[in-house]
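In what follows, a structure is listed as structure tokens, so that the remarks can point back to it.
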Amino acid sequence: MIMRRYFFSISMLLLVITFCWGYQTGDKMNEVRFKKHIIYQNFISEGAAVGDVNNDGMKDILAGPYWFEAPDWVAHEIRSPLKFDHTTDWSDSFMNFVLDVNEDGWLDFISIGFPGTGAYWFENPGNQKGHWNKYVIDTTVNNESPMMADVDGDGRMDLVFGSGNREMKWFRAPGNGRIEWDQMSISKENAPGTSRFSHGLGFGDINGDGRKDILITQGWWEAPVNRTDVPWKFHEASLGQACSQMHVFDFDNDGDNDVITASAHNYGIWWHEQIYEPKSGLTYVEHLIDSSFSQTHGVALEDLNGDLLPDLITGKRYFAHNGKDPGGRDPAVLYWFEFRNDTNAGPEWIPHLIDDNSGVGVQVVISDLNQDNKKDIVISNKMGVFFFERL
């Protein structure tokens, strides 16, 4: 009997030690770490895109005038490149996207330039060499963070931005070999959030009706059942100061959607708690997430650690206004903020430094580039083009 108790005690001790060791090593195995790859060291674009350009089964990187062929990131010209001085100039490429615009089986490239200039798509020539044919989508894109979103719910991405006479519009890709995009206004002229250099644009279901709305810092346009109906109803709201991309999610797990914003040219990242008051309707309470670095002009919301909760990925835009913004000459950091909403204190974001010598541009791209079921990060800014490989 004594020997049995002895062996039982030893077995239990070994089990506890094994569990603790496994828990600790498991934490290390699940740790989110990145390896930095410098794809290009010159200032060519403030945005980037990811997609399989040459249909070889591997995802390539596109930024400004180039696409970089995986896995060795060989540079190929989409158009003639220009030279920019990061201390005095701005690029002719701000936001970059990919889409098979004409539905010919090859991903095309969408490039939006300096605010107030145009949006263009470049037709992928397939196996043909040379520069890509360039077509106009719209001549005047006013917003600082124009976006791609599936506005009409047909499974194909659309473009959204303030255009021309300050109308908020969405643009549907032509397809079927066509060139010109269809454009639909959701607002009247001189709408809020649509003037040149307007900051803050987002897409998400604000009122819980199952349809995703378009939001700016001054409020949101309610999506109608038929997205081509004009105008969409606008609801005024206070969603903070001039920001970058706006993201919608139920962060406090109370059944309604909240909004994240991040200062484009100053300090501050916030989540805006949605509150419903019978008399005043939907209102928002602002909560600070972080203010340790400035110029968070590019923000992504993606689940990096696989816990099924969206994490926040952002950083300091390098030399956004040529170093003249608050904190403009501080280190160009890149962070991911681990999101947790299982605490009694409410939503929590835990900062993790990824890098202190790259930062962001106006766009943060999250994609599994090497197909290892881990999400990687791609950014392009005045320091160059970078790929952060999740290890």
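One line per residue, one yes/no per condition, for (1) surrounded by 13 or more Cβ atoms within 10 Å (Cβ to Cβ); (2) part of a strand (DSSP E or B); (3) among the hydroxyl-bearing types (Ser, Thr, Tyr):
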| site | (1), (2), (3) |
| --- | --- |
| Lys169 | yes, yes, no |
| Gln183 | yes, yes, no |
| Gly202 | yes, yes, no |
| Arg211 | yes, no, no |
| Ile214 | yes, yes, no |
| Thr228 | yes, no, yes |
| Leu239 | yes, no, no |
| Asp252 | yes, no, no |
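Would you be able to say whether some residue in segment 256-265 is without any contact (Cβ under 8 Å) to a residue 12 or more places away in the chain and over 21 Å from His199 (Cα atoms)?
no
Where residues in segment 332-367 are out of contact with any strand residue (DSSP E or B) (no Cβ under 6 Å at 6 or more places or on another chain) and without any contact (Cβ under 8 Å) to a residue 12 or more places away in the chain, which of them is nearest to Leu309 (Cα to Cα)?
The extreme case among them is Asp342.
So for segment 81-91 (the condition being of a type in the set (Lys, Arg), surrounded by 10 or more Cβ atoms within 10 Å (Cβ to Cβ) and either over 26 Å from Phe339 (Cα atoms) or at pLDDT below 95 (or both)), does at least one residue qualify?
Within segment 81-91, not a single residue is of a type in the set (Lys, Arg), surrounded by 10 or more Cβ atoms within 10 Å (Cβ to Cβ) and either over 26 Å from Phe339 (Cα atoms) or at pLDDT below 95 (or both).
Answer with yes or no whether Asn42 is at pLDDT 95 or above, outside any helix (DSSP H, G or I), buried (at least 16 other Cβ atoms within 10 Å of the Cβ) and not small (Gly, Ala, Ser).
no
If we keep just the residues of segment 331-353 that are part of a loop (DSSP other than H, G, I, E, B) and buried (at least 17 other Cβ atoms within 10 Å of the Cβ), which is farthest from the chain's Cα centre (by Cα)?
Step by step, filter segment 331-353, then rank; the result is Pro347.
Tell me, yes or no, whether segment 144-153 has at least one residue that is more than 22 Å from Glu222 (Cβ to Cβ) and of a type in the set (A, V, I, L, M).
no
Within segment 255-282, count every residue that is crowded, with 22+ Cβ neighbours inside 10 Å and over 30 Å from Phe319 (Cβ atoms).
Residues flagged as crowded, with 22+ Cβ neighbours inside 10 Å and over 30 Å from Phe319 (Cβ atoms) within segment 255-282 amount to 2.
Which one is farthest from Val364 (Cα to Cα) among residues in segment 241-250 that are open to solvent by less than 30 Å² (accessible area, probe 1.4 Å) and in a loop (DSSP other than H, G, I, E, B)?
Checked segment 241-250; the qualifying residue farthest from Val364 (Cα to Cα) is Asp250.
For segment 354-363, what are the residues that are open to solvent by 20 Å² or more (accessible area, probe 1.4 Å) and either part of a loop (DSSP other than H, G, I, E, B) or basic (Lys, Arg) (or both)?
If the condition is that a residue be open to solvent by 20 Å² or more (accessible area, probe 1.4 Å) and either part of a loop (DSSP other than H, G, I, E, B) or basic (Lys, Arg) (or both), then Asp356, Asn357 are the ones that fit.
Within the group Phe84, Phe97, which residue is under 22 Å from Trp181 (Cβ atoms) and of a type outside the set (A, V, I, L, M)?
Phe97
Please pick out the residue among Leu282, Leu308, Leu301, Leu288 that is hydrophobic (A, V, I, L, M, F, W, C) and outside any strand (DSSP E or B).
Leu308
Evaluate segment 369-377: report whether one residue or more is open to solvent by less than 40 Å² (accessible area, probe 1.4 Å), under 21 Å from Ser294 (Cβ atoms) and in contact (Cβ under 8 Å) with a residue 12 or more places away in the chain.
Within segment 369-377, one or more residues are open to solvent by less than 40 Å² (accessible area, probe 1.4 Å), under 21 Å from Ser294 (Cβ atoms) and in contact (Cβ under 8 Å) with a residue 12 or more places away in the chain.
Six or more apart or on different chains, Cβ under 6 Å: which pairs go from a residue in segment 299-318 that's without any contact (Cβ under 8 Å) to a residue 60 or more places away in the chain to one that's of a type outside the set (Ser, Thr, Tyr) and not in a strand (DSSP E or B)? Could you list them?
Leu301/Pro310; Asp311/Leu304; Lys316/Gln295; Lys316/Ala332; Lys316/Val333; Lys316/Gly359
The values are calculated or read from the model by the stated rules, or taken from the named source; none is laboratory data. Since this is a predicted model, take the numbers as computed values, not measurements. Glycine also receives a Cβ, built like all others from the backbone with ideal geometry; neighbour counts cover every protein chain displayed. What goes into the accessible areas is simple: the full protein's heavy atoms, side chains included, and nothing from ligands, DNA or RNA. Shrake-Rupley method; radii C 1.70, N 1.55, O 1.52, S 1.80 Å.
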